Amino acid sequence: STFPVFEFVFLLKCRDMDGDIVDAVIEQLLPEDIEKRTDWDVFLNFIEDFDNQKRVLIILDGLDELPEKSRHHVNKILDRKKFPFCYVLATARKGKGIEVRGQFEFDVCFQIEGFSEDMSFEYIRKHFKGSEASKGERLVELIKERLDLKELIHNPLNLLLLCAVFEDCEGNLPSSRSQLYQTILGCLLRRNCARHKLKAAAKDADLEKQDRKSTRLNSSHITIS
């Protein structure tokens with residue numbers, strides 16, 4: 001089979017929707033100075049033709065973040081009651097994806113499984129390459145020994161955080177998961193301080209207070225200006 005050729009591809013963020021699909025396209029994708037009574041009317045006439053719809057791809061990104069007031073509009077698209085011949089690609093987190101698959105019929109469904117153990121170890125070795133290769137091997141061996149770490153490495157983001165913490169803590173990881181999460185948070189906050197050229201508090205508890213205070217100050221500044 002051959003792949004379709006699209007003349008229009010609309011990437012719509014579900015969390016930003018405040019109406020139907022047409023409203024979302026106008027608000028999210030079109031420039032403010034577009035001549036809505038000319039160019040936009042031409043497009044509406046185009047997309048209402050069934051033959052033309054076959055050349056349109058609508059991407060609905062993040063169905064789990066869709067506001068309730070826009071849900072019935074999106075459901076019409078997923079149920080093919082509106083723009084029935086347009087191609088639709090929808091993304092969602094696992095729980096919402098299972099719910100939507102049970103409610104609507106899709107031609108193809110994909111699920112992101114995450115890294116296998118071998119892929120995770122390959123990622124670690126690439127992260128700690130060159131002069132730090134031995135540190136990467138130590139982390140690989142540590143993961144093989146600890147079940148709590150094995151449960152984290154299939155998620156790419158968790159694996160990245162684990163590498164960052166192992167790097168910052170000079171190869172010493174807490175023995176409990178709760179302490180590990182606390183260490184990860186401290187690592188992220190310290191890196192955030194370094195990025196904004198701020199002096200980080202020595203203790204994790206003080207660091208969290210510093211971050212909350214900084215966030216409040218930044219929010220106040222934004223509100224005032």
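The one condition from (1) loosely packed, with under 14 Cβ neighbours inside 10 Å; (2) over 27 Å from the mean Cα position of the chain (by Cα) that residue 54 does not meet is (1). If only residues of region 76-93 that are open to solvent by less than 80 Å² (accessible area, probe 1.4 Å) and touching a residue at least 40 places away in the same chain (Cβ under 8 Å) are counted, the one that is nearest to residue 64 (Cα to Cα) is 77.
Checking the structure you have, find out if any residue of region 113-125 is surrounded by 14 or more Cβ atoms within 10 Å (Cβ to Cβ), modelled with pLDDT under 90 and assigned to a loop (DSSP other than H, G, I, E, B). Yes, region 113-125 has at least one match.
Within region 75-117, the set of residues being under 20 Å from the mean Cα position of the chain (by Cα) and of a type in the set (Val, Ile, Thr) comprises 88, 91, 98, 100, 112.
Return yes when residue 160 is open to solvent by 60 Å² or more (accessible area, probe 1.4 Å) and of a type in the set (A, V, I, L, M) and no when it is not. Yes, satisfied. In a residue-by-residue description of region 163-172, the property of being charged (D, E, K, R), surrounded by 17 or more Cβ atoms within 10 Å (Cβ to Cβ) and in contact with a helix residue (DSSP H, G or I) (Cβ under 8 Å, 6 or more places away or on another chain) applies to no position. Here the helices (runs of 4 or more DSSP H) wholly within region 1-84 that include at least 1 residues being among the hydroxyl-bearing types (Ser, Thr, Tyr) and at pLDDT 80 or above are 68-78.
The values are calculated or read from the model by the stated rules, or taken from the named source; none is laboratory data. Note that this is a predicted model, so its numbers are computed, not measured. Positions of Cβ are generated from backbone atoms using ideal geometry, with glycine treated the same way; all protein chains shown enter the neighbour counts. For the accessible areas, the whole protein counts, side chains as well, though only heavy atoms, and no ligand, DNA or RNA atoms are used. Shrake-Rupley method; radii C 1.70, N 1.55, O 1.52, S 1.80 Å.
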